[in-house]
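The values are calculated or read from the model by the stated rules, or taken from the named source; none is laboratory data. Predicted model only: the values in this text are computed from it and were never measured. Neighbour counts run over all protein chains shown; Cβ positions are idealised from the backbone, glycine included.
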Amino acid sequence: MSFRRACSYTASIKTPKPPDAYSAIQVTIAQDDENLITKDLSSLRCDEDYVYVELTQEETALFKDGIPAYLQIRCYASEYDAPGSKCYKLDVWPALADNILPGGE
C-alpha cells in the first residue's frame with residue numbers, strides 16, 4: 001500500500017467480523033513513532049465486510065515523503081473480543097506540487 005502526499009487516499013480493511021459487530025473501531029496511522037492520524041467509527045465508512053479509511057489532501061500532507069507510515073486497526077466487540085491488526089506499511093510518495101487544491105464550485 002502507498003499514497004502520495006497532498007493527495008486524497010482511501011484504504012480498505014477487512015475486519016475479522018462484519019464491522020457492524022463492533023461497538024468501537026479505531027484506525028491509527030503513524031510515522032517516525034508519532035501517531036499523526038487517528039479515526040474512530042464516526043469518521044470511517046463501512047459496508048458488510050470492510051472498513052474504509054479516507055484521508056484528505058490536508059491529512060496526507062502531514063506525512064514526510066520517503067519515510068514509511070504504518071496503519072493499524074483495532075476493534076471492540078467485548079472484553080475478550082477486541083482484535084488488533086498487524087501494522088501495515090504504507091509507502092509515502094512525494095508530490096511534484098504539494099499545495100492543497102481548492103474545491104470546485
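Points worth noting:
- Cβ separations smaller than 8 Å between residues 6+ apart or across chains give the following pairs from the stretch 84-96 residues that are assigned to a loop (DSSP other than H, G, I, E, B) to residues that are exposed (fewer than 13 other Cβ atoms within 10 Å of the Cβ): PRO94/GLY66.
- Among the candidates THR38, THR56, the residue that is exposed (fewer than 15 other Cβ atoms within 10 Å of the Cβ) and either at pLDDT below 95 or within 22 Å of TRP93 (Cβ to Cβ) (or both) is uniquely THR56.
- Residue check for GLU48: more than 22 Å from LYS86 (Cβ to Cβ) and part of a loop (DSSP other than H, G, I, E, B): yes
- The residues of the stretch 52-80 that are free of Cβ contacts under 8 Å to residues at least 40 places away in the same chain and in a strand (DSSP E or B) amount to a single one, SER78.
- Verdict on TYR70 being among the hydroxyl-bearing types (Ser, Thr, Tyr), surrounded by 13 or more Cβ atoms within 10 Å (Cβ to Cβ) and in contact with a Lys or Arg (Cβ under 8 Å, 6 or more places away or on another chain): yes
- SER12 passes every criterion in (1) in contact with a strand residue (DSSP E or B) (Cβ under 7 Å, 6 or more places away or on another chain); (2) assigned to a loop (DSSP other than H, G, I, E, B); (3) among the small types (Gly, Ala, Ser) apart from (2).
- Of the residues making up the stretch 85-105, those that are of a type outside the set (A, V, I, L, M, F, W, C) and surrounded by 11 or more Cβ atoms within 10 Å (Cβ to Cβ) are SER85, TYR88, LYS89, ASP91, PRO94, ASP98.
- Of all residues assigned to the stretch 28-36, at least one qualifies as being in contact with a Leu (Cβ under 7 Å, 6 or more places away or on another chain) and farther than 14 Å from ARG74 by Cβ.
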